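The numbers here are math on the coordinates, done by the rules we state, and not lab data. Given the structure is predicted, the values throughout are model-derived calculations rather than measurements. Methodologically, a virtual Cβ is constructed for each residue, glycine included, from the backbone with ideal geometry; neighbour enumeration extends over all protein chains shown.
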Ligand code: PLP
């Protein structure tokens with residue numbers, strides 16, 4: 001059956017979404033199926049969310065069992081699953097970092113987790129240094145979400161221009177530019193927010209040297225270092241926290257995408273020095289950390305944080321990277337291989353116009369061939385498959401990708 005039958009036209013969604021959405025009806029492992037019965041190898045995982053793959057009975061059973069007990073209580077109360085998950089998150093460490101977490105604020109989305117992080121950082125700076133120490137520094141091509149605070153910390157005209165004015169006090173420096181960071185960062189900043197691999201902005205990887213400078217300057221100035229691990233966290237890069245890849249030592253970590261296996265949940269992990277400044281009612285949300293999402297997430301956490309599992313992700317990530325380098329070597333219009341672990345991509349080269357057309361055509365051709373992929377920035381095709389993928393499935397996906405690349409750019 002033709003894939004076109006599965007395309008939804010005229011869906012009552014706002015025009016900020018594509019008018020031609022593929023209607024997906026079920027999934028199993030690393031495969032998704034559309035309403036026409038066509039199967040796709042899923043190298044997008046719901047934008048780096050479904051780390052454990054699709055059609056999981058274990059997740060479904062936990063959610064159903066919890067729904068029969070209690071679905072929602074609000075943050076005026078708590079539940080055993082929320083406590084359980086919070087304890088696991090708070091007792092985790094970012095690699096060899098000496099920094100500890102004291103508390104976790106649960107939210108419902110990545111943007112919300114970053115909003116909380118920015119608010120906590122501003123509150124801390126106001127309490128410790130007084131007014132006019134509220135600025136937030138982010139890195140060029142970073143992406144932190146679409147709500148006004150997170151958007152204001154996302155230094156990209158493309159995302160911001162139609163929604164001006166922004167939240168005041170947001171500045172950006174080019175990632176990797178040591179001099180710019182040294183010149184700009186001072187105690188008027190409440191926080192620096194960074195990704196170690198820029199998931200939406202082209203998959204650039206932070207250098208160890210830059211991470212070391214961020215660690216040192218933020219510590220000296222008592223500016224809070226926020227690691228946005230919404231895409232890189234929970235083993236996607238082959239480390240529990242992506243920060244470990246470059247030895248970044250954040251004070252605050254934000255998590256979301258894979259946290260509850262596909263249910264909406266986010267977490268903002270904060271240190272004691274911030275927690276002790278908070279007062280009842282300073283921040284809150286109705287749905288964040290509900291019993292269903294946290295029950296599922298506690299199980300997801302156990303699977304994703306298992307060192308033996310993380311090791312397999314690292315090995316498979318190396319394999320994926322090596323296979324992509326082979327593609328780059330065979331096709332002139334494929335430039336750099338970007339990213340790390342199981343968050344990788346290939347750069348498509350050419351003039352701006354050529355690249356824009358080629359990117360869309362390759363994605364459409366991949367889909368026709370049975371492979372779903374993502375983009376990152378304007379010129380990088382992004383692969384973020386479920387972490388449970390096998391080497392054989394990686395090879396199959398890479399083969400389908402190369403076929404699409406060859407068809408479009410030769
Ligand atoms: N931060 C990063 C690094 C992300 O990749 C995203 C989403 O792609 C977000 C924040 C925003 O998350 P959400 O779309 O759940 O608000």
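The stretch between residue 132 and residue 332 holds 66.9 nm of extra length on full extension. This uses 0.36 nm per residue minus the Cα-Cα distance. In this structure, residue 354 and residue 403 have a Cβ-Cβ separation that, at R0 = 22 Å, corresponds to a calculated FRET efficiency of about 0.65. What's log10 of I(q)/I(0) for the stretch 70-304 at q = 0.08, 0.15, 0.17 Å⁻¹, Debye sum over Cα points only, no solvent? So the normalised log intensities work out to -0.26, -0.97, -1.27. Between 120, 17, 241, the Gaussian network model of the chain with springs among Cα atoms under 10 angstrom shows the greatest mean-square fluctuation at 17. Of interest is the spacing of the C-alpha centroids, which for the stretch 214-275 and the stretch 28-71 amounts to 25 Å.
Treating each Cα of the chain as one equal point scatterer and applying the Debye formula with no solvent, the log10 of I(q)/I(0) at q = 0.06, 0.08, 0.10 Å⁻¹ comes out as -0.24, -0.43, -0.68.
Taking a point 7 Å from the Cα of residue 209 along the Cα-to-Cβ direction, the residues of the stretch 172-193 with backbone N closer than 20 Å to it are 173-185.
Kindly identify the stretch 95-151 as rounded, prolate or oblate by the Cα gyration tensor criterion: order the square roots of the eigenvalues as a ≥ b ≥ c, call it rounded if a/c is under 1.5, otherwise compare a/b with b/c, prolate if a/b is larger, else oblate. The partial results should precede the final answer.
Working: a/c = 1.42, a/b = 1.06, b/c = 1.34.
Rounded.
Here the stretch 1-142 has an Rg and Dmax of 21.1, 65 Å, counting Cα atoms alone.
Once all Cα-Cα distances of the stretch 285-344 are split into 10 Å bins that start at 0, what whole-number percent is in each one? All Cα pairs considered, the percentages come to 20, 29, 23, 19, 9, 0. What the Cβ-Cβ distance of residue 83 and residue 286 gives, at R0 = 22 Å and to the nearest 0.05, is a FRET efficiency of 0.75. Rounded to the nearest 0.05, the FRET efficiency derived from the C-beta distance between residue 57 and residue 275 at R0 = 51 Å is 0.85.
Stretch residue 163-residue 188 to full length: gain in nm at 0.36 nm per residue minus the Cα-Cα span?
Values: separation 25, 0.36 × 25 = 9.00 nm, distance 2.54 nm.
Full-extension gain reported as 6.5 nm.
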